[in-house]
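The values are calculated or read from the model by the stated rules, or taken from the named source; none is laboratory data. No experiment lies behind these values; they were computed from the predicted model shown. Cβ placement follows ideal geometry from the backbone for every residue including glycine, while neighbour counts extend to all protein chains displayed.
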Amino acid sequence: MNNGNKIISFTVSESCDNMNANTYLKHHCKISARMITRLKREYMGITRNGALLRTTDTVKAGDRVELKLPVDNSEIIPVKGELEILFEDSYLVAVNKPPFMPVHPTKVHQLDTMANILMYHALQNNEHYTARILNRLDRDTSGVVVVAKDRFTAAALQKSIKKTYTAVCEGVIENSFTIDAPIKIMEGHTIQRCVSPDGERAVTHIKPIKNNGCHTLLYITLETGRTHQIRCHLSYKGYPLAGDDMYGGVMSYINRQALHCKTVELIHPITKEKILIDTKLPSDISNILNYFE
């Protein structure tokens, strides 16, 4: 850190020798044009070997290029609470979000969200950042939520996080299949979705793991990230999630939709390491399969 600014560093490789600085920043550092403009407004926002680097300059192999990211000032109120931190470094933090906890403040939920507790956790570690949620989960859905601590990390990981969900649906599914059906907001509703020809394309891959004659444990991956996609698609096919009364599920065995973001896989934007974050299936979901065994 430098006066509150986070410094991101890159070393120019041989393959980028004599490359235009603007091209290097965009294509090899994955810095957006908008971010480059903001960095140019910062004092010494883009430097090379400690000296100001203009976007019209040429970079050389071995040069150390540093970006001084604008200071983040979060408006989220820190609130003391408990969170299970699955992974954390200077750029990312991953949390195992419990069910019934909103991810981010809303008009109804101002102080009881994951982001509130995360901001308290940050202050305890002498960090100041805006929590940029990279994979939002519904309030009642549990599992891995990945948060970027700065603009660069958020932009670099946008739409590149691979997620696997675990769910329990009503009914028996014996074979893997894919649901490719467009989704839109149901007429007369503000939240609930439905399958409709004039909706946005949504693709869900379903893999059954085991069943007890009444329910099936599923692994689910998504090609698209529509709101309520898994819940809507499974209901559309006649296999609503257990506990999901909004989409036709019965709440006899669980008091929330039986959906959990179990694993997240990503390539770290700075270290380039492959990171796999895994969680156990919550007991309220796993217990459903025991009712009829």
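Would you check which residues across segment 220-239 are more than 16 Å from H260 (Cβ to Cβ) and either touching a Phe, Trp or Tyr at 6+ places or on another chain (Cβ under 7 Å) or assigned to a loop (DSSP other than H, G, I, E, B) (or both) and list them?
Within segment 220-239, E223, T224, G225, R226, T227, C232, S235, K237, G238, Y239 meet the criteria.
Being surrounded by fewer than 18 Cβ atoms within 10 Å (Cβ to Cβ) and either of a type in the set (D, E) or part of a helix (DSSP H, G or I) (or both) is the filter here, so list the residues in segment 23-36 that pass it.
The answer is T23, K26, H27, A33, R34.
Output the residues belonging to segment 106-125 that are exposed (fewer than 15 other Cβ atoms within 10 Å of the Cβ) and of a type in the set (S, T, Y).
T106
Which condition number in (1) farther than 19 Å from G143 by Cβ; (2) touching a residue at least 40 places away in the same chain (Cβ under 8 Å) is the one that M251 fails?
Result: M251 passes all but (2).
Can you say whether L217 is crowded, with 18+ Cβ neighbours inside 10 Å, more than 18 Å from the chain's Cα centre (by Cα) and in a loop (DSSP other than H, G, I, E, B), as far as the supplied structure shows?
Here the answer is no, as L217 does not meet what is asked.
Counting only residues that are touching a residue at least 40 places away in the same chain (Cβ under 8 Å) and under 30 Å from L281 (Cβ atoms), give me the strands (runs of 3 or more DSSP E) lying completely in segment 42-99 with at least 1 of them.
84-88, 92-97
Would you check which residues across segment 126-155 are without any contact (Cβ under 8 Å) to a residue 24 or more places away in the chain and either among the small types (G, A, S) or buried (at least 22 other Cβ atoms within 10 Å of the Cβ) (or both) and list them?
Of everything in segment 126-155, just one residue is without any contact (Cβ under 8 Å) to a residue 24 or more places away in the chain and either among the small types (G, A, S) or buried (at least 22 other Cβ atoms within 10 Å of the Cβ) (or both), namely A154.
For N135, are the conditions met, namely being part of a loop (DSSP other than H, G, I, E, B), assigned by TED's automatic domain parsing to the domain that holds E84, among the polar types (S, T, N, Q) and on the phi > 0 side of the Ramachandran plot? Don't jump to the end; show me each part of the working.
On the way: part of a loop (DSSP other than H, G, I, E, B): yes; assigned by TED's automatic domain parsing to the domain that holds E84: yes; among the polar types (S, T, N, Q): yes; on the phi > 0 side of the Ramachandran plot: no.
For N135, the condition - part of a loop (DSSP other than H, G, I, E, B), assigned by TED's automatic domain parsing to the domain that holds E84, among the polar types (S, T, N, Q) and on the phi > 0 side of the Ramachandran plot - is not met.
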